[in-house]
C-alpha cells in the first residue's frame with residue numbers, strides 16, 4: 001500500500017486545537033557554566049555515552065535551556081516542573097494532535113518511525129529524489145504501514161530484491177554517490193547521538209505524562225503488557241510495540257529521530273544546495289511526525305533540531321572533514337547535471353521541475369515559522385543574536401559567493417526571535433533559521449558588498465534573495481553574476497551597481513535610499529526609490545512606468561534599454577519620474593529588433609514613444 005503524502009497544512013488545524021495558555025512566569029536563569037565561552041564546534045567530540053553532564057558534554061550543555069523548564073530528579077519519574085505554562089502547553093499540544101490524528105497521519109508517522117532516518121531525508125530532494133536513490137543505491141523495506149498494531153516489532157532492512165551493493169540510509173559508499181552517502185554518515189557519526197542528553201535530562205515521553213508534565217503510573221498494564229500512565233496522549237496504534245518498558249533509558253528530550261532527520265537533511269543540503277530550503281522543510285516535516293506518533297512532544301523536537309544544527313555545523317567545520325565535504329558537493333553536482341542533462345547554471349530549475357511535496361515555498365516557510373516553537377509560551381526580549389562559532393559553514397554551498405563573515409551576518413539577521421527558553425540556550429543554536437537564511441540577508445545593518453563570479457556557475461552565477469531586507473546599511477553589487485532582490489525591502493543605505501546584473505523584482509526591492517548605476521546592468525519593472533544617479537552601465541526597464549523617484553535623477557553616462565513584454569505600447573509611456581531630472585542617457589535602445597525609441601525629456605522625467613521601423 002502506498003501512503004498519500006500528509007497535507008503539511010494540517011499543522012494549522014492541529015495548532016488551533018491547543019488551548020490558550022497564560023504567559024510564561026519568571027523562570028530560573030541558566031547556570032553559570034552554560035555561559036562559558038568554549039565553543040560547541042571545538043568540543044563536540046565530548047558527546048559520547050560516558051558523559052552525561054553539562055560540564056563534561058558539549059551537547060548536554062547547549063541543550064541546557066531545558067533547565068529553565070524542568071529540573072531532573074534523582075529517578076526518571078521524580079523530575080520537577082519549573083515552568084508549568086510551557087510544559088502544560090507542551091503536553092496539551094500532543095493531546096490535541098494525537099486525538100485528532102487521522103489514520104493516514106498515523107500510518108505516515110509509522111513509516112518514518114521505522115524507516116532509516118537518512119533514507120527518509122531523501123524525500124526532500126523532490127524531483128531529484130529517485131535519481132539520488134538510484135545513484136546511491138539507497139533502499140528501504142518500510143514503504144507502508146499496517147492497518148493496526150503489528151504482531152511484532154518491525155525494523156528496516158535491505159529488500160531481498162534490491163540491486164547488489166544496496167544499503168539502507170543515505171546509500172552505499174561504493175556507489176555513484178558514495179561520497180555523498182559517506183558525508184551523511186559522517187555527520188551522523190560517532191559524536192552525533194542524542195542519548196547522552198536524554199540520560200542527562202530524563203524528561204519523560206508525552207504518553208507517560210499528565211498535562212502538568214508529571215508522571216502518574218496507574219499500576220496497570222495494557223493488553224500488550226506495557227505499563228499504563230495517566231495521560232491523554234494517544235500513541236499511534238502501529239507503534240504501540242515500539243514503546244520502551246524501561247523509562248529510565250527512554251527519555252524524550254531531545255528527540256533522537258528528530259536529531260537524525262535534521263542531521264541527514266542538512267548533510268544532503270550541503271551536498272545538494274539546489275534543494276537547500278526543501279531539505280530544511282523536510283527535516284521539520286519529518287520531525288513533526290514524532291509528535292503525530294505520540295512518541296515525542298514539541299520540546300523534544302525543538303531540542304533534537306537544536307542539537308542536530310550544532311552537530312552538523314561542528315562536523316562540517318571539522319578540518320578532518322574538509323576534503324570529504326568538498327568532494328561530496330562536487331560529486332553530487334557532476335552526477336545530477338549528467339543525469340538531468342543540465343549545467344551548474346540550470347540544475348536549480350531542473351531540481352524544481354516536476355512533482356514536489358515541498359514545492360510550495362510559502363507553505364514551507366509557514367511550517368518552519370510555526371514549528372520553530374510550536375507556539376509554546378515565550379517571553380519576548382530584545383536580546384541580540386550572537387551567531388555560534390562555526391555556524392556559517394552550514395551556508396557554505398548555498399551562499400558560495402559570500403565570505404564567512406557575511407554568511408554569519410545572514411544567519412544573525414534571519415534568526416528566530418529571542419524569548420523562548422529552549423531557543424535561547426547556550427550559544428543560541430536553536431535560534432538559527434536556516435530556511436530563511438537560504439534567502440539571503442534579513443537586514444543590512446552595515447554596508448554589504450556582494451561579488452559574484454558567473455564563471456563558477458550555480459548560485460555564484462545567479463541567485464535570488466527573497467527576504468524583506470531592512471536596516472540602515474546599503475548594498476553594492478559587484479562581480480559578473482546576477483543577483484535578484486525579491487523582497488519588500490526597506491533598507492535605507494542605498495544601492496550601487498558596479499558590475500554584473502542586479503534585478504529588482506519588486507517595486508520596493510532596492511529599499512528607500514538612493515540608487516547608483518556605475519556599471520553592469522540594473523533590471524527593473526516598476527521601481528520606487530529615493531534618488532537615481534547613473535554614470536555607466538545599462539538601466540533595463542519594462543516599457544511603461546518604470547522608475548518612480550522621491551528625489552532627483554542625474555544621468556551622466558550610460559544606456560537605457562526598454563524591454564517590450566508582449567504588445568508594443570502604442571501611446572507615449574513614462575519611464576522615469578523624479579522631483580528633478582538632470583542630464584540624458586548616452587543611448588536608448590529596445591530589446592526587440594525593428595523598433596526605435598523617440599524620447600521626450602522634461603525637467604522632472606523621461607517619457608518615450610516606441611515606433612515600428614518599416615523598410
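Two decimals is fine: what is log10 I(q)/I(0) at q = 0.11, 0.12 Å⁻¹ for region 30-413, from a Debye sum with one equal scatterer on every Cα and no solvent?
-0.79, -0.95
Students often check this: by mean Cβ neighbours within 10 Å, which of 154-164, 194-204 ranks highest, and how do the rest follow? Working shown, then result.
Details: 154-164: 12.1, 194-204: 23.4.
Peptide ranking by packing, descending: 194-204, 154-164.
Averaging sequence separations of C-alpha pairs under 8 Å and six or more residues apart, then dividing by the length of region 441-612, give the relative contact order as a whole percent.
Details: 563 pairs, mean separation 22.2, N = 172.
Once divided by the residue count of region 441-612, the mean separation gives 13 percent.
Report the calculated FRET efficiency for residue 586 and residue 164 (r = Cβ-Cβ distance, R0 = 56 Å), to the nearest 0.05.
Efficiency, from the Cβ-Cβ distance: 0.25.
Pairs of alpha-carbon atoms within less than 8 angstrom and 6+ residues apart define the contacts here; what relative contact order does region 533-615 have, in percent? Present the calculation step by step, with values, prior to reporting the outcome.
Working: 195 pairs, mean separation 24.5, N = 83.
Worked out over region 533-615, it gives 30 percent.
What length, rounded to one decimal in nm, is gained on full extension from residue 360 through to residue 244, with 0.36 nm per residue of separation minus their alpha-carbon distance?
Length difference between fully extended and current span is 38.0 nm.
If you take the beta carbon distance between residue 446 and residue 75 as r and set R0 to 41 Å, what does 1/(1 + (r/R0)^6) give as a FRET efficiency, to the nearest 0.05?
After rounding to 0.05, the efficiency reads 0.20.
By how many nm would the segment from residue 602 to residue 216 lengthen if fully extended, with 0.36 nm per residue of separation less the alpha-carbon distance?
Contour length minus Cα-Cα distance gives 130.8 nm.
Largest first and in whole Å, what are the equivalent-ellipsoid semi-axes of region 346-449 based on the Cα gyration tensor, each being the root of 5 times an eigenvalue?
Equivalent ellipsoid of region 346-449: 25, 20, 11 Å, largest first.
Taking Cα centroids, how far is region 197-268 from region 439-484 in Å?
45 Å
Kirkwood hydrodynamic radius, region 161-298, all distinct C-alpha pairs: what's the number in Å? Display every interim value, and only then the final one.
Details: mean 1/r = 0.0588 Å⁻¹.
When all Cα pairs of region 161-298 are included, the Kirkwood radius is 17.0 Å.
Where both residues lie in the chain, what percent of DSSP beta bridges are antiparallel, nearest 5?
25 percent
Looking at region 441-612, send over the antiparallel percent of its DSSP beta bridges, to the nearest 5.
Numbers: 12 of 64 bridges.
Taking every DSSP beta bridge with both residues in region 441-612, the antiparallel ones total about 20 percent.
Compare the peptides 532-542, 303-313, 601-611, 248-258 by average per-residue count of other Cβ atoms within 10 angstrom and give them in order, highest first.
Result, highest mean first: 303-313, 248-258, 532-542, 601-611.
Which distance in nm do the two modelled labels at residue 550 and residue 384 give, with both placed 7 Å along the Cα-to-Cβ direction?
Output for this residue pair reads 2.8 nm.
Per the Kirkwood formula on distinct C-alpha pairs, the Rh of region 241-385 is how many angstrom?
On the way: mean 1/r = 0.0580 Å⁻¹.
Mean inverse Cα-Cα distance, inverted, gives 17.2 Å.
Which of the peptides 558-566, 233-241, 497-505 is most tightly packed, and how do the rest follow, going by the mean number of other Cβ atoms within 10 Å of each residue?
Descending packing order for the listed peptides: 497-505, 233-241, 558-566.
How far is it, in nm, from the label point at residue 53 to the one at residue 595 when both lie 7 Å from their Cα along the line to the Cβ?
Reported label-point gap for residue 53 and residue 595 is 7.6 nm.
What is region 30-413's relative contact order, in percent, from Cα pairs under 8 angstrom and six or more apart in sequence?
Details: 698 pairs, mean separation 81.6, N = 384.
Result for region 30-413 is 21 percent.
Volume per residue, Å³, of the convex hull around the alpha-carbon atoms of region 48-177? Display every interim value, and only then the final one.
Working: hull volume 27.0 nm³, N = 130.
Output value, Cα hull per residue: 208 Å³.
Full-extension gain between residue 338 and residue 326, please, as 0.36 nm times their residue separation minus the C-alpha to C-alpha distance.
2.5 nm
Run lengths n ≥ 4 of DSSP H only: what is the helix-derived mean residue ellipticity at 222 nm for the chain, with -39500 (n - 2.57) per run over all residues, to the nearest 500?
-8500 deg cm²/dmol
Here, each number is a calculation from the coordinates, and none is a lab measurement. A quick note: this is a predicted structure, and the numbers were derived from the prediction, not measured. Methodologically, a virtual Cβ is constructed for each residue, glycine included, from the backbone with ideal geometry; neighbour enumeration extends over all protein chains shown.
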